[in-house]
Amino acid sequence: MRVAIHQPHYFPWMGYFDKIAKVDKFIIMDDVQLEDSSVMVRNKFLENTGTEKLLSLNVEKKGYLDKKCKEIILKDWQKVKKKHSKFLYYNYKNSQYFNEIWEKISFIFEKDYIFLIDLQIDIIKIFINLLNIKTEIVFQSSIEYDKETKKNDLVLELCKKIQADYYLSGNGAKKYMDDSTFLKNNIKVIYQKFMYPKYKQFSSLEFIPNLSILDLFFNLGINESNKVFWKNVEEGKEFEDKTI
C-alpha cells in the first residue's frame, strides 16, 4: 500500500494533487503546528496582465505556536473572502472556462468559516472530486501514534500505524529523511517525480508554473484539465516505479 503525507494547503498547486493521486492513502497532517508564511495559508495566481499574485489568509496569531493546525482560527475571513473572490473574478472572468469552474468554487466565498482547516479541506475536496481521485483521505488526528515523534520519526510512525509498504515523499524532504529507518521497518521510500506540464494561459504569452491548480482549471476547463493532469501523473509514476 502506497501512502503520502502532507499538511492541508490553501488552493494547492498541481503537485499536491499529483501526490494524492499516486497513493492508496493520503494522510492530512492536522495535528502539527502551523507553518507560518507557507502555502498552508497562501498561494499564487495570475493577474489578467500575466503577473503573479500571492493571495494570503489571516489567522489568529495569539497562542498559535501552541496550537495544532486543526485548532487555528481564521482572522478577518469576511474581509479576506471578499478580497480573494473579487481578485479571482476580475482576473479570471475572461478565461474560457470561468463560469464552469466558478460554479464549483464560489460557495467557498459564501461560507462563514471559523477554522482554517475547514476552509482548506473544502477546497481540497473540490479538486479531488473534479479530478475524480479515488484515494482514501485519512486525518493524522484520527490515528493513534506517539505524539512526541517529530519529522522523520513522525512520518515513519504514521506510515507504520496504517501499514504502509511504500511512502511517497516530496523531494524537499530529502534534507531530513532517513530512508534507512523506513527500510528497517519494511517500508520503501519513493520520491515524487513531478514535472509541471505546460498549458495555455489566456493572460500570459509565456507559461508561468507553480500556481494554484485553480489556474489550470480556469484555463482548460474540467475535461481538458483531467487529461493534462492524469497524463502527467502516469508519466511520473512510471519513473517512480523504476526506483522501487
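A Gaussian network model of the chain, with springs between Cα atoms under 10 Å, assigns the largest mean-square fluctuation among LEU130, LEU183, LEU205 to LEU205. Enumerate the amide H contacts of VAL59 below 5 Å, restricted to partners 5 or more residues apart or on another chain; note that Pro and chain-start residues carry no placed amide H. HN-HN under 5 Å from VAL59: LYS75. Dividing the mean sequence gap of close Cα pairs (under 8 Å, 6+ apart) by how many residues the chain holds gives a relative contact order of 28 percent. Placing dummy labels 7 Å off each Cα toward the beta-carbon, the span from SER38 to ASP153 is 1.9 nm.
Out of region 29-89, which trypsin sites (Lys or Arg not before Pro) are coil in DSSP terms and have no more than 13 other C-beta atoms within 10 Å? Let's see the in-between values first.
Numbers: sites: ARG42, LYS44, LYS53, LYS61, LYS62, LYS67, LYS68, LYS70, LYS75, LYS79, LYS81, LYS82, LYS83, LYS86; in loops: LYS61, LYS62, LYS67, LYS68, LYS75.
Listed in order of number, the matching sites are LYS61, LYS62.
Pairs with C-alpha atoms separated by more than 22 Å, drawn from the list LYS44/LYS200; LYS53/LYS81; LYS53/LYS134; LYS25/LYS104, are LYS53/LYS134; LYS25/LYS104. Note on the chain: with neighbouring protein chains present and a 1.4 Å probe, carbon and sulfur make up 47 percent of its accessible heavy-atom surface.
Take the Cβ atoms of GLU52 and ASN186, set R0 to 51 Å, and the FRET efficiency comes out at 0.75. For region 184-244, which chymotrypsin sites (Phe, Trp or Tyr not before Pro) are both in a DSSP coil and crowded by at most 12 other Cβ atoms within 10 Å? Answer in residue order: PHE207. Taking only the alpha carbons of region 117-244, we obtain Rg and Dmax values of 17.3, 50 Å in that order. Sparsely packed loop sites in region 1-58 (the GluC sites (Glu not before Pro) outside DSSP H, G, I, E and B with at most 14 other Cβ atoms within 10 Å) comprise GLU35, GLU47.
Distance between the 7 Å Cα→Cβ label points at ASN210 and TYR196: 0.6 nm.
Indicate the gyration tensor shape class of region 1-144 (rounded, prolate or oblate), computed on the Cα atoms with a ≥ b ≥ c the square roots of the eigenvalues: a/c under 1.5 is rounded; otherwise a/b larger than b/c is prolate and the rest oblate. In terms of gyration-tensor shape, oblate. Scaled against 2.2 N^0.38 Å for its residue count N, the alpha carbon radius of gyration of the chain is 1.03. With a ≥ b ≥ c taken as the square roots of the eigenvalues of the C-alpha gyration tensor of region 19-101, please select rounded if a/c is under 1.5 and otherwise prolate if a/b is larger than b/c or oblate if it is not? Oblate, since a/c reaches 1.5 and b/c is not below a/b. Charged neighbours of GLU148, selected by a Cβ distance under 13 Å, balance to -1 (K, R count +1; D, E count -1).
The values are calculated or read from the model by the stated rules, or taken from the named source; none is laboratory data. Since this is a predicted model, take the numbers as computed values, not measurements. Positions of Cβ are generated from backbone atoms using ideal geometry, with glycine treated the same way; all protein chains shown enter the neighbour counts. To get the accessible areas, we keep the full protein, side chains included, count just its heavy atoms, and leave off ligands, DNA and RNA. Shrake-Rupley method; radii C 1.70, N 1.55, O 1.52, S 1.80 Å.
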